[in-house]
Every structure is written in C-alpha cells, then in structure tokens.
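The values are calculated or read from the model by the stated rules, or taken from the named source; none is laboratory data. Note that the coordinates shown come from a computational prediction; the quantities given were computed from them, not determined experimentally. Reconstructed Cβ throughout: ideal geometry from the backbone, glycine too, with neighbour counts over all protein chains shown. All accessible areas refer to the heavy atoms of the entire protein, side chains included, with ligands and DNA or RNA removed. Shrake-Rupley method; radii C 1.70, N 1.55, O 1.52, S 1.80 Å.
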Amino acid sequence: MATQRRPNIVYLHSHDTGRHIQPYGHQVPTPNIQRLADQGLLFRQAFCAAPVCSGSRAALLTGQWTHSSGMLGLAHRGHALADQDRHLVHTLRDAGYWSAMVGEQHVSTDPGELGYDEVVEIGDSRADAVAPAAAALLRDRGRDPGAAPFFLSVGFFETHREYFEPTSVRDALYSMPPANLPDTPETRRDMAAFKQSARSLDHGVGAILSVLDELDLADDTLVILTTDHGLPFPGAKATLTDRGLGVLLIVRGPGGFHGGRVSDAMVSQIDLFPTVCDLLELEPPDWLQGRSLMPLLRREADEVHEAVFAELTFHAAYEPQRAVRTRRFKYIRAFDEGHTGPVLPNVDDSPSKDLLLDHGWAERPVPRERLHDLVFDPNEASNLAGDERYAGVLDELRARLERWMRETDDPLLRGPVPAPPGSVLNRREDHSAQDPTVPAETAIP
C-alpha cells in the first residue's frame, strides 16, 4: 500500500434503517443499494454499538464504545465527544487524506469543529439535497489526477421520521410491518411510509455510485454503506434487541471487498476504524477498542468476535442498559431500578406506537434482566432469565458483561450516570420526546 496511491473512502450513512432493505430480503425496493451489494461484501450480522443516533456514529468514527468516547447521549441535547482528535478524520489526515462532509453527521452541534477540511453547508440533509451537493464535490475532486486521496462523509436524513405520506396505495394496503408488531391497517401504512423514505435513500446512494462510475473512481474507492441503528418503530430503535442493534453494512472496494459476497461473521461498527487502518497499512491508534475485519477478507478467520456488546444510557430520556450477544444468546440488563415500564420518550412517535399505547403498552412491566435463545427465539420475545435450564448460560453472560464493563471502565458500575452540564432530557414518565425537556440533573434520580 505504501508504494501506491491509497484508495479514496466514501462513507455513506443513513438514519434508522436497520437492515430493512432489499439486499437483506425485505420487500423494500432499493435497487441501487442492491447493486452495491452485488458488487461488494454484505455483512448479515453487523451490529451498532449503541441503538441511538449520536452514540452509534461516535462509536464507528472513534472505534470506541460510547462510554469510552463520551458520547453517551444525543449531540443536540448536550452530549459531545470527550476527545474530538480521536475522530477517524484526524488519523486519515495524518495519512495524507483530504476530507469533506456533506449532510447529516449527528456527532457535534458544530460540524466545523470535527476536523474535516471542508463542510458543505446545504441546510437540508434529505437525499434530494445531499446527493447533488456530494456529487458536485466528487466531480470537483475526482477530475484532479494530482489530488490527494479523499475521505467523504455523506449523511442522509432518510429513513428518520417524520415520514412523508406513502405515495403508493398498494404499499399502504399490503406492506408487512416488522415481525414484532401486529399486522393492522395502522402498522401497514406506517411501514409503507418507511418504504417511501427508503426509496429516497436509495436514490441518493445511487447518485453517488453513479458519479464514482462516471469519474472512473469506483475501482479505487472504498465505499462503506451503513446506518446508525434499527427502525424507528416500537421494539427496535433505542432497544438492545437485534431489531435495535442490527444494521446494514455493505462495503465495496480494494482489499477484497468485492464479488457480491455475504459474510455471516458477527461484527460491530467499532470494527470499521481498525479495519480502515489495517487496509491502509496504518498504525492503529492505541485507543481503538474494535478489531480489524481484514482477517475475514483474507480468509484467516471465520469470526473476529466471540461476542459483541452494546449499550444504551441516554436517548430522549435516561434508560441505562447494557447487553452482550453471542452467536446463540443475548443477555440484556437494565440498571435503572426506579422505573419499571417502557420509557416512552425513547420510542419515536408513530401510528404504530399509538396502536400499542391504545392497548395498554404503557402499563406493561419491563424485566430487569432478559435472556434470549436466538436460535429458538430470534424475535427475542421469550425471556429465559428465570428458566433453570438456562441458569448456567445466564451466569456466564452476566459475568462476561460485567467483565467487559470493568475492562472498559463503564461509569454505570459506579451508579447512575450524570449527564453533561447544560444537557436536557425528557422525564422517563413522559409519553413523547416532543414533551417539554428539563435540565438533565432534574431528570435522573
């Protein structure tokens, strides 16, 4: 790698898409994303480190767990990286990269302080505004054969709520809602609106891929397409179930990321920073907590993890939880003893949420511990934490989770986690993130 020009890197990222798109087998047409999968490497078992917008992106871009990076909540509500110099863009600059950002980022209230060489101001992060601006930037850089390799972050607002109304009557009638929700007119229409947003995302991705082809840069560019976390439906986003943690991850480019292949290895988004370092033959920074995925590409290993971990501390409201997932089992522990029901502000408002609330969801208790056998219970609906047949598994995963928390100095081990000064939260008793916020110190017991 040192004797030739390093590849460009295009990091494409969406909001709240999970894996609910065409290449993962869902009836959500995304032909441009499918084309990327057909040409690249698709990871079937990729997970975010936190099922919330800022935390998951911070973990990917710093290669650290959110309690290590400092991004325990939402940037626009007062959370921030503890050390912005640990952002991937700085390591790439030291390696000779020029960097730019277009559209959504969600890691800082001031994108100019993150360290990009150029931040394109467009005032809108939906695909119909982001894609043309990113395409223009690519054409400007790509036509200069003497230019340094570039790192381009392209963030799309899609598939975040609020959705536009579905444009297809057929979709509104026949769409299948997520497997954990009842099949009703409300949930079908809600999913139809998601599908409409996913189409917009696909158009934006397609526009970027087309420009790379137009400029003859596709073979020399590593394209990373992912999302922050699961769908903005009840039981997904802001939960530690696979519906909340499972993310699309498709990578195309040099180093073996090609051929329309599928990997079933269990990987985390914190692995992407060390993977980039490995691919570019860069000395990995000592703060990285993920593992390079290149051994999978080189066929030196079938897995890089025996288990992956995830966490939730703050979203709209305080809801401290931690989880460990192995190939077979998932263990989730809630650390907030003062609240027994669902934390509704952490669930995006939607017709699907309204349906559940109408049927008494707010009064349903939430277990402090959950254990799921993912072979027999892939929807994580049956809690085995009290089943004596699984007592040994429960003890082992409890110990594994506690060991990870101690090794990474998780502040939750010392009691309730304070929010940053000046940050705001919803009360856990609220019903919506749109309810009035309060200073964080008054919302945490």
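Of the peptides 200-208, 50-58, how do they stack up when ordered by the mean number of other Cβ atoms within 10 Å, highest first? Write out the running numbers ahead of the final one.
On the way: 200-208: 22.7, 50-58: 29.6.
Result, highest mean first: 50-58, 200-208.
So for the range 298-436, taking the charge dipole from beta-carbon charges (+1 Lys/Arg, -1 Asp/Glu), which of L356, G422, A334 sits furthest toward the positive end?
Sorting the options by dipole projection puts first A334.
Take every DSSP beta bridge with both residues inside the chain and express the antiparallel ones as a percent of the total, to the nearest 5.
Values: 27 of 54 bridges.
Counting only bridges with both partners in the chain, antiparallel ones make up about 50 percent.
Where is the GNM fluctuation largest for the chain (alpha-carbon springs, 10 angstrom cutoff): R389, R406, R77?
R389
Which one, H431, H359, H90, has the greatest fluctuation when you compute a Gaussian network model over the chain with C-alpha springs under 10 angstrom?
H359
Using a/c under 1.5 as the rounded threshold, could you call the range 327-381 rounded, prolate or oblate? The axes a ≥ b ≥ c are square roots of the C-alpha gyration tensor eigenvalues, and prolate needs a/b larger than b/c, oblate otherwise. Please report the intermediate quantities before stating the final value.
On the way: a/c = 2.44, a/b = 1.45, b/c = 1.68.
Judged from the Cα gyration tensor, the range 327-381 comes out oblate (a/c at least 1.5, b/c at or above a/b).
Taking all pairs of distinct Cα atoms, average 1/r, flip it, and tell me the Kirkwood hydrodynamic radius of the range 238-357 in Å to one decimal place.
Values: mean 1/r = 0.0591 Å⁻¹.
The Cα-based Kirkwood calculation yields 16.9 Å.
Going by average Cβ density within 10 Å per residue, which order do the peptides 300-313, 210-223 take, highest to lowest? Working shown, then result.
On the way: 300-313: 19.2, 210-223: 17.1.
Packing order, densest peptide first, comes out as 300-313, 210-223.
For the ranges 318-326, 368-376, what's the packing order if you count other beta-carbon atoms within 10 Å of each residue, average per peptide, and put the highest first?
Values: 318-326: 23.3, 368-376: 16.3.
Ranked from most to least packed, the peptides come out as 318-326, 368-376.
Express in whole angstrom the spacing between the alpha-carbon centres of the range 195-218 and the range 67-142.
If we compute the Cα centre of each part, the gap is 19 Å.
Keeping all protein chains in place, calculate the accessible area per residue for the chain (probe 1.4 angstrom), answer in Å². Mind dumping the intermediate values first?
Working: 17860 Å² over 445 residues.
Averaged over the residues of the chain, the accessible area is 40 Å².
How large is the helix-only mean residue ellipticity at 222 nm for the chain, computed as the sum of -39500 (n - 2.57) over DSSP H runs with n ≥ 4, divided by its residue count, in deg cm²/dmol to the nearest 500?
Numbers: 13 runs with 128 residues, N = 445.
Estimated from H runs of four or more residues: -8500 deg cm²/dmol.
Between E429 and E162, take the C-beta separation as r, use R0 = 22 Å, and let me know the FRET efficiency to the nearest 0.05.
Details: r = 24 Å, r/R0 = 1.09.
About 0.35, to the nearest 0.05.
Quick check on the range 100-154: take the gyration tensor over C-alpha atoms, sort the square-rooted eigenvalues as a ≥ b ≥ c, and tell me if it's rounded (a/c under 1.5), prolate or oblate.
Working: a/c = 2.82, a/b = 1.36, b/c = 2.08.
Oblate shape, in that a/c is at least 1.5 and b/c is the bigger or equal ratio.
What residue among P166, P365, P345 has the largest mean-square fluctuation in a Gaussian network model of the chain, using Cα springs under 10 Å?
Residue with maximal mean-square fluctuation among P166, P365, P345: P365.
Per 0.36 nm of contour for each residue apart, how much would the distance between D110 and D216 grow if the chain were fully extended, relative to their Cα-Cα spacing? Display every interim value, and only then the final one.
Numbers: separation 106, 0.36 × 106 = 38.16 nm, distance 3.35 nm.
Residue separation times 0.36 nm, minus the Cα-Cα distance, leaves 34.8 nm.
Any chance you could list P(r) for the chain, counting all Cα-Cα pairs in 10 angstrom bins from zero, rounded to whole %?
4, 22, 33, 27, 12, 2, 0
Which residue, N383, L293, P320, has the largest displacement toward the positive end of the dipole of the range 277-396 when charges sit on each Cβ (Lys, Arg +1; Asp, Glu -1)?
N383
Along the positive direction of the dipole of the chain (beta-carbon charges: Lys, Arg +1; Asp, Glu -1; about the Cα centre), which of H258, I9, A131 reaches farthest?
Checked the options; the winner is H258.
For R298 and I122, compute 0.36 nm times the residue count separating them, minus their Cα-Cα distance, and round to one decimal in nm. Each step should come with its number before you reach the end.
Working: separation 176, 0.36 × 176 = 63.36 nm, distance 4.03 nm.
Result: 59.3 nm gained on full extension.
Can you give me the long-range amide H partners of H229? Hydrogens built in the peptide plane at 1.01 Å from N, cutoff under 5 Å, separation of 5 or more residues or another chain.
D16, T17, G18
May I ask for the distance between the Cα centers of the range 305-343 and the range 25-40, given as a whole number of Å?
Measuring centre to centre over Cα atoms gives 31 Å.
When the chain is fully extended, how far beyond the present Cα-Cα distance does A133 get from S382, taking 0.36 nm per residue of separation?
Numbers: separation 249, 0.36 × 249 = 89.64 nm, distance 4.68 nm.
Contour length minus the Cα-Cα distance gives 85.0 nm.
State the percentage of accessible surface on the chain attributable to carbon and sulfur atoms; use a 1.4 Å probe and exclude ligands, DNA and RNA. Intermediate results must be reported in sequence, preceding the final value.
Numbers: 8740 of 17860 Å².
C and S atoms contribute 49 percent here.
Please state the shape class of the range 1-144: rounded when a/c is under 1.5, otherwise prolate if a/b exceeds b/c and oblate if not, all from the C-alpha gyration tensor.
Values: a/c = 1.36, a/b = 1.06, b/c = 1.28.
Since a/c stays below 1.5, the shape of the range 1-144 is classed as rounded.
Rounded to the nearest Å, what's the spacing between the alpha carbon centres of the range 373-445 and the range 157-178? Just the number, please.
For the range 373-445 versus the range 157-178, the Cα centre distance is 31 Å.
Can you list the residues, at least 5 places off or on another chain, whose amide H is less than 5 Å from the amide H of V10, using H built in the peptide plane?
Placed amide hydrogens put L152, L222, V223, I224 under 5 Å from V10.
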